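The values are calculated or read from the model by the stated rules, or taken from the named source; none is laboratory data. What you are looking at is a predicted structure, and each value in this text was computed from that prediction instead of being measured. Cβ: placed from backbone, ideal geometry, glycine included. Neighbour counts: every protein chain shown. Heads up: the accessible areas ignore ligands, DNA and RNA and are worked out on the full protein's heavy atoms, side chains in. Shrake-Rupley method; radii C 1.70, N 1.55, O 1.52, S 1.80 Å.
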Amino acid sequence: MPALLTHARELHRLGPANNDRLSAVRVALSVALPGLVLVLIGRPDLMMYAVFGGLTGMYGRNETHQLRLKHQAQAALILVGGLSIGVVLSVNHIHSWWLVLVATLFAGLGSLYADAVRLKPIGPFFGILALGACASVPTSVPFTTAILIGAASAAFSLVVGFVGWFRHRTWVAGAARNVPVLSGPLRQAALVHATRYMLAVGAAGVIGVLSVSGHPHWAMAAAAVPLAGADLPSRVHRGIHRIVGTFLGLVVVAVVLFPSPLSPLQYFPGHAAVVLAVVVVLCQFPTELFMARHYGWAMVFFTPVILLIAQLASPMDPGVLVMERAIETFVGAVVGIAVAVLVRAPRAKPSA
């Protein structure tokens, strides 16, 4: 019972503020401008690639401009890498079991890379999400175009993150992020962590395929979420936040997509794609605003971002969309929590 009360308190505890608004503005701009360009040229269906590239702006939020530039460049590799693999799978119609295999391998390698360069947000989650989402929708443009949109959006994020440097123009030669080398116990811990990611993502993907939902990547992404926690309690909390935050976010998605007086689509007939694109842009700011303070609240806004860009790329019945997302998220998060509980880091041997 005390453990349950602890988890319940964590659901509504808001972390301390830490320059969140400025970071949220940077990320919102990184996503909004490339997305609005696509809307203006009549291709809001390609917004998925711009959004995943624009998430580069989430990294290095409180670092100096010089160090943030390097951090975000490292993050862009895993985001654009996941996006590129997903697009290649899509254009070659590689889904189901092959998608699970590729995503599982990417999760393990991505975990090692994220630990080696100390990405923050921690882990390969956004790369896994980009891979699965891009693999699961038809690619309506040449695959190089889709990848270039993502890469250009990531590059724009780097510019947005660095532009403040021009106020002071201080450049410290040889400045580097404090990233310890993965050797000895750190390397062993990184290998165990990568194993967790592979087990969680692989198991969730298998369940997703066997359930014939058509969206195993949602379960795989949800399974990766708890593993970004620093310790077991925080991993359990993140898994719970993922479930509750996603369910609340699905209410927002339902309000937008289901016919009702509350839906903005009812007031702009014939412009549904533009309305959805605008909602995506508006939701990105509060997503980043809460990301470091309360993961559950961040998911309330991030869930509409991900589902609406998928709806722009490949529309489906809103009822099926909401129901399958809810089921896959619950299954994936539970699998991720189970792996976090069962696969523990080896205890250090006592010194002689």
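On the accessible surface of the chain, probed at 1.4 Å, how many percent belong to carbon and sulfur atoms?
Whole-percent figure for carbon plus sulfur exposure: 72.
Just want the answer: with Cβ charges of +1 for Lys and Arg and -1 for Asp and Glu, which residue in 206, 294, 69 is farthest toward the dipole's positive end in the chain?
The listed residue farthest towards the positive side: 69.
Which one of 251, 181, 137 has the biggest mean-square fluctuation once the chain is modelled by GNM with Cα springs under 10 Å?
Of 251, 181, 137, the Gaussian network model singles out 181 as fluctuating most.
Which of the DSSP-defined H helices in the chain satisfy a minimum axial length of 30 Å, computed from C-alpha atoms, and a minimum mean Kyte-Doolittle hydropathy of 1.0? Don't jump to the answer; show the numbers that get you there.
Numbers: long enough: 65-91 (37 Å, 0.96); 96-117 (31 Å, 1.45); 185-210 (37 Å, 1.10); 232-257 (37 Å, 1.31); 318-342 (36 Å, 1.72).
Span-like helices in the chain: 96-117, 185-210, 232-257, 318-342.
Decide, for segment 214-256, between rounded, prolate and oblate: order the square roots of the alpha carbon gyration tensor eigenvalues as a ≥ b ≥ c, take rounded if a/c falls under 1.5, and otherwise choose prolate if a/b is larger than b/c, else oblate.
Values: a/c = 4.12, a/b = 1.59, b/c = 2.59.
Taking the square roots of the gyration eigenvalues as a ≥ b ≥ c, segment 214-256 is oblate.
Which one of 138, 78, 22 has its Cα pushed farthest toward the positive end of the charge dipole of the chain, where Lys and Arg give +1 and Asp and Glu give -1 at the Cβ?
Towards the positive end, the residue furthest out is 22.
I need the shape label for segment 56-200. Rule: rounded when a/c is under 1.5, else prolate if a/b > b/c, else oblate, with a, b, c from the alpha carbon gyration tensor.
Judged from the Cα gyration tensor, segment 56-200 comes out oblate (a/c at least 1.5, b/c at or above a/b).
Hey, can you rank 200-207, 296-303, 220-227, 89-96 by average C-beta count inside 10 Å, highest first?
The most tightly packed comes first, giving 220-227, 200-207, 296-303, 89-96.
Which net charge results for the neighbourhood of residue 299, defined as the other residues with beta-carbon distances under 13 angstrom from its beta-carbon, given Lys and Arg at +1 and Asp and Glu at -1?
+3
Kindly report, to the nearest 10 Å², the accessible surface of residue 327 as traced by a 1.4 Å probe over protein heavy atoms only.
Looks like 90 Å² after rounding.
State the answer as a single residue: which of 335, 160, 264 lies farthest towards the positive end of the charge dipole of the chain, with beta carbon charges of +1 for Lys and Arg and -1 for Asp and Glu, about the Cα centre.
It is 160, whose Cα lies furthest towards the positive end.
If the elastic network links every pair of Cα atoms under 10 Å, which of 159, 212, 281 fluctuates the most in the Gaussian network model of the chain?
212
Could you work out how far the C-alpha centroid of segment 20-48 sits from that of segment 178-234, in angstrom?
29 Å
When the chain is treated as a GNM, springs tying every alpha-carbon pair under 10 Å, which of 219, 338, 277 comes out with the largest mean-square fluctuation?
338
How high is the FRET efficiency from residue 234 to residue 140, r the C-beta distance, R0 45 Å, rounded to 0.05?
On the way: r = 40 Å, r/R0 = 0.89.
Rounded to the nearest 0.05, the efficiency is 0.65.
How much length is gained on full extension from residue 251 to residue 212, taking 0.36 nm per residue of separation minus their Cα-Cα distance?
11.7 nm
Leaving ligands, DNA and RNA out of it, work out the accessible area of residue 59 with a 1.4 Å probe and give it in Å² to the nearest 10.
0 Å²
Per residue, how much accessible area does segment 64-177 have with a 1.4 Å probe, in Å²? If you can, show how the numbers build up before the last one.
Values: 5120 Å² over 114 residues.
Per-residue value: 45 Å².
Tell me whether segment 31-108 comes out rounded, prolate or oblate; compute the Cα gyration tensor, take square roots of the eigenvalues as a ≥ b ≥ c, and use a/c under 1.5 as the rounded threshold.
Working: a/c = 3.54, a/b = 1.22, b/c = 2.91.
The shape class here is oblate.
What whole number of Å gives the distance from the Cα centroid of segment 68-133 to the Cα centroid of segment 238-254?
What the calculation gives is 23 Å, centre to centre.
How much accessible area per residue does segment 220-319 have, in Å², with a 1.4 Å probe?
Normalised by residue count, the accessible surface of segment 220-319 is 37 Å².
Quick check for me: using +1 on Lys/Arg Cβ and -1 on Asp/Glu Cβ, what's the dipole size of segment 108-264 about its Cα centre, in debye to the nearest 20?
About 440 debye.
Compute the orientation-averaged projected area for the chain from the convex hull of its Cα atoms and round it to one decimal in nm².
Numbers: hull surface 79.6 nm².
Orientation-averaged projected area of the Cα hull: 19.9 nm².
D for segment 24-66, whole µm²/s, Stokes-Einstein with Kirkwood Rh over alpha-carbon pairs at 10 °C and 1.306 mPa s: what number?
Details: Rh = 10.9 Å.
Stokes-Einstein gives a translational diffusion coefficient of 146 µm²/s.
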